Each structure stands twice: as structure tokens, then as C-alpha cells.
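To keep things clear, I will list the structure first and then write my remarks on it.
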Amino acid sequence: MIMKTSTALGVVFGVIVLATVGLLFEAWLLGLILSWFNVSLTFWQNFAIVFLANLIFKNTGSSK
């Protein structure tokens with residue numbers, strides 16, 4: 001029983017870490033792309049944009 005619980009917690013933790021790393025990478029990439037157009041935002045502003053865009057666009061398909 002303990003082994004199954006710890007495995008499940010490990011999987012949940014791994015998914016959370018991967019999702020966070022993905023968002024951080026997208027924020028970094030957005031900053032890189034915006035810098036080509038001489039737009040400079042802080043990393044956390046880029047992160048907020050990516051996070052909100054993911055919230056909006058990932059929920060639009062499930063409303064049907």
C-alpha cells in the first residue's frame with residue numbers, strides 16, 4: 001500500500017515539475033522572440049502572459 005501511494009505521489013510530482021518546466025521554457029522563448037522586435041519584458045511578465053494564454057486557450061476546446 002505504501003509503495004503504491006509513494007509511486008502515485010512521485011508521478012503527480014513529476015507531472016507538476018514537467019508542467020512548470022514547460023511554462024518556464026515557453027516564457028523564456030517568448031522573451032527571446034519579443035527581443036527580436038525590441039520588446040523587453042521581465043521574465044515574470046512573460047511567464048504571466050504564457051500562463052494566462054494557456055489557461056484561456058486550453059479551456060476553449062472543452063466547453064463543447
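Would you pick out the residues in segment 8-39 that are surrounded by 10 or more Cβ atoms within 10 Å (Cβ to Cβ) and not in a helix (DSSP H, G or I)? Within segment 8-39, Val39 is the sole residue that qualifies. Of the residues making up segment 1-43, those that are aliphatic (A, V, I, L, M) and over 19 Å from the mean Cα position of the chain (by Cα) are Met1, Ile2, Met3, Ala8, Leu9, Val39.
Where a number appears in this text, it was derived from the coordinates with a stated rule and is not lab data. This one's a predicted model, so the numbers in the text were calculated from it and none came from an experiment. No Cβ is skipped: glycine too gets one built from the backbone with ideal geometry, and neighbour counts run over all protein chains shown.
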